[in-house]
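Taking it in order: structure first as structure tokens, then the write-up.
The values are calculated or read from the model by the stated rules, or taken from the named source; none is laboratory data. Computed from a prediction, not measured in an experiment: that's the story for all the values here. As a convention, Cβ positions derive from the backbone with ideal geometry for all residues, glycine included, and neighbour counts pool all protein chains shown. What goes into the accessible areas is simple: the full protein's heavy atoms, side chains included, and nothing from ligands, DNA or RNA. Shrake-Rupley method; radii C 1.70, N 1.55, O 1.52, S 1.80 Å.
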Amino acid sequence: MNSSSRKAPTHSSVEAQRRLAYFDERRDEIVSTIRELVEIESPSDNKAAVDRIAEAVAHKFSGLGGEVRFHRAQDFGSHLQVNFGGKSAKPVLLLGHYDTVYPLGTLATMPSRVVNNKLTGPGVLDMKSGIALMLHALAGLQEWDGKEQDGGLPRPVTVLLVSDEEVGSNSSRAITESLAKRASAVLVLEPSYGPHGAVKTARKGVGEYLLRVTGKASHAGLDFQKGVNAILELARQIEKISTFTDLKKGLTVNVGTVNGGSRTNVVPAEAAAQIDVRIARMKDKAGIDKKMRGLRPFNRKCKIEITGGINRPPMERTSGVAALYAQAAAIARELGWKLEEAAVGGGSDGNFTAGLGIPTLDGLGGVGDGAHAAHEHILISELPRRAVLIAGLIEAV
Ligand SMILES: [Zn+2]
């Protein structure tokens with residue numbers, strides 16, 4: 001027994017246990033909501049499919065009394081905004097996405113199944129369980145609170161689910177940012193980290209660059225000296241770019257793809273590389289961008305061209321983020337649960353909201369493993385306390 005469990009139960013821990021029992025009783029309902037969403041496949045690049053899940057999810061939120069608004073996008077599925085409550089206070093923004101990385105038909109080889117404590121299926125972790133948790137946490141609050149104003153909730157809530165997160169969020173970013181600016185805090189229901197379900201209090205910023213080298217083609221046998229080898233130049237550039245990595249700063253530069261040349265007997269005139277850049281700190285953005293743009297040809301007969309940039313700012317662990325985490329940890333503690341935090345290399349839409357200085361807590365969604373992979377799953381037993389945590393945060397922040 002630890003020291004906290006020896007103490008007499010406080011009012012708040014009694015309430016926390018009551019809430020946990022409430023969601024325990026509804027565990028199967030939560031699982032069936034998740035399965036329903038997983039079984040509507042929604043690859044980012046299929047507008048019709050994503051529009052279909054947008055409708056289904058909108059229907060569920062309007063069933064809770066939310067005011068539904070679609071933001072139509074030309075090349076992507078609709079983004080869904082749902083408002084609960086009036087202007088009595090600043091809303092909290094619940095943020096997520098319903099697009100997945102899986103093409104239509106994936107369910108045939110990767111069905112949604114319950115195997116012991118695991119629930120499987122495409123997008124079950126990233127992040128259809130997060131959407132279901134939003135729905136059930138809100139339903140719980142409405143049942144406990146029953147307030148007339150603010151949509152039956154203890155405070156106004158805005159939900160934003162976007163359709164293009166897995167492909168860079170270009171069409172939704174402005175909506176995410178404008179709703180975040182009006183919110184007191186942003187809760188991101190992306191998957192949690194690791195087997196203990198840590199929340200994410202820092203994410204790296206992400207950038208992508210394309211480096212193109214132009215040389216001069218010639219016959220490798222007849223006119224070797226007239227050629228200018230673009231691949232050789234690219235190789236030298238790659239060596240140079242690789243020195244930009246600074247692990248102590250959390251700054252990494254990865255040349256992820258290369259291509260170039262046409263045949264072995266031709267001195268290649270073209271070569272190119274795609275480069276992934278990650279930064280942990282906003283203050284490193286300008287420096288790395290300058291270095292990338294400052295690349296000059298080693299061989300003056302070559303031309304190099306660099307395009308791209310940092311497109312997601314880092315989510316840094318600011319005092320606002322730390323305070324949100326402290327609130328989450330306090331709610332978890334009432335359940336005797338030590339909620340961990342993690343800093344991760346991947347980005348989410350939480351990077352945008354945190355980049356604006358709005359307190360953001362990410363990784364509040366499902367607990368599991370295998371996001372974007374064939375073994376993607378969540379742990380069913382973690383769902384009830386996750387729902388308690390989300391409901392508690394909606395009230396508190
Ligand atoms: Zn995601």
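Just a few scattered comments:
- For segment 205-274 versus segment 359-384, the inter-centroid distance based on Cα atoms is 39 Å.
- Of LYS128/LYS291; LYS47/LYS283; LYS90/LYS248; LYS181/LYS283, those spanning more than 30 Å from alpha-carbon to alpha-carbon: LYS128/LYS291; LYS47/LYS283; LYS90/LYS248
- Accessible surface of segment 88-209, 1.4 Å probe, proportion on carbon and sulfur as whole %: 52 percent
- Förster-model FRET efficiency, 45 Å R0, ALA48 and ARG296, C-beta, rounded to 0.05: 0.45
- Note, ³J(HN,Hα) from phi for segment 349-359, Karplus 6.51, -1.76, 1.60, rounded to Hz, x at Gly and Pro: 5, x, 4, 5, 5, 5, x, 8, x, 7, x
- Dipole magnitude for segment 278-376: computed about the Cα centre from +1 point charges on Lys and Arg Cβ and -1 point charges on Asp and Glu Cβ, it is near 1080 debye.
- Relative contact order %, the chain, counting alpha carbon pairs below 8 Å whose residues are six or more apart: 23 percent
- Gain in span if fully extended, GLU177 to HIS219, counting 0.36 nm per residue against the direct Cα distance: 9.7 nm
- Angle between the chain longest axis and helix 383-396 axis [Cα atoms, degrees, rounded to 10]: 80 degrees
- Structural descriptor for segment 74-233: relative contact order 31 percent, calculated from alpha carbon pairs under 8 angstrom and at least 6 residues apart.
- Ordering ALA371, ASN117, GLN17 by Cα displacement along the dipole of the chain toward the positive end leaves ALA371 in first place; charges were set at the Cβ atoms of Lys, Arg (+1) and Asp, Glu (-1).
- Across the options HIS97, ALA322, ILE306, the greatest Cα extent toward the positive end of the charge dipole of the chain (unit charges at beta carbon of Lys, Arg, Asp, Glu) belongs to ILE306.
- Nearest-20 debye value, the chain charge dipole, Cβ charges on Lys, Arg, Asp, Glu: 1700 debye
- Rounded FRET efficiency, nearest 0.05, which uses the C-beta distance separating SER319 from THR243 and R0 of 35 Å: 0.55
- Using a Förster distance of 41 Å, the FRET efficiency for LYS90-ASP24 (Cβ separation, nearest 0.05): 0.80
- For the options THR245, THR307, THR106, a Gaussian network treatment of the chain with springs between C-alpha atoms closer than 10 Å singles out THR307 as fluctuating the most.
- Placing unit charges on the Cβ atoms of the charged side chains and taking the dipole of the chain about its Cα centre, the candidate lying farthest along the positive direction among LEU295, SER62, TYR193 is LEU295.
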